[in-house]
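Report on the structure given below.
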Amino acid sequence: MRRAAALIVALGLVALTAPAQAAAPAPARLLVQAKEHTLSLSRPAVAAGPVIVQLADDGEDPHDLKLVRVDRRGRAAGAPRAVPVAQPGTVAQWTGRLTRGRWKAFCSLPGHERRGMRAFLRVR
């Protein structure tokens, strides 16, 4: 009986002194507000890794959001990430990972980017 009690105490001490498991980092959050014909980012930069991007459609027309990493000349340097179409007065969301670099955010509906629905995000 004494050995069992001693073993339980020893295991308890080991559990108390063991290093805690590192929790996964919380995802970065980015809110993008869309209105005819502008995009507004809630912050100019986010940390690389997991991210939640929300698209709030504050306009009168539906809007979507594409995120694409761009090189120094502004050319696409990878596959785009896509936030689904948000209807006026709603919020659409995409959850994923972004890598370091400069990212262009834009509405891909016909004519919207050309009219000014684009912004740039830095991922560090």
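The values are calculated or read from the model by the stated rules, or taken from the named source; none is laboratory data. No experiment lies behind these values; they were computed from the predicted model shown. So basically every Cβ, Gly included, is an ideal-geometry build from the backbone, and we count neighbours across all protein chains shown.
The table that follows gives values for the structure above.
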quantity	calculated
Enumeration of residues in the stretch 79-109 that are in a loop (DSSP other than H, G, I, E, B) and either over 17 Å from the mean Cα position of the chain (by Cα) or loosely packed, with under 13 Cβ neighbours inside 10 Å (or both)	ALA79, GLN87, PRO88, GLY89, THR90, THR99, ARG100, SER108, LEU109
Residues of the stretch 36-50 classified as at pLDDT 95 or above and among the charged types (D, E, K, R), total	1
Count - residues of the stretch 110-124 that are out of contact with any Phe, Trp or Tyr (no Cβ under 9 Å at 6 or more places or on another chain) and touching a residue at least 60 places away in the same chain (Cβ under 8 Å)	3
Residues being loosely packed, with under 14 Cβ neighbours inside 10 Å and farther than 14 Å from ARG118 by Cα - total across the stretch 49-74	4
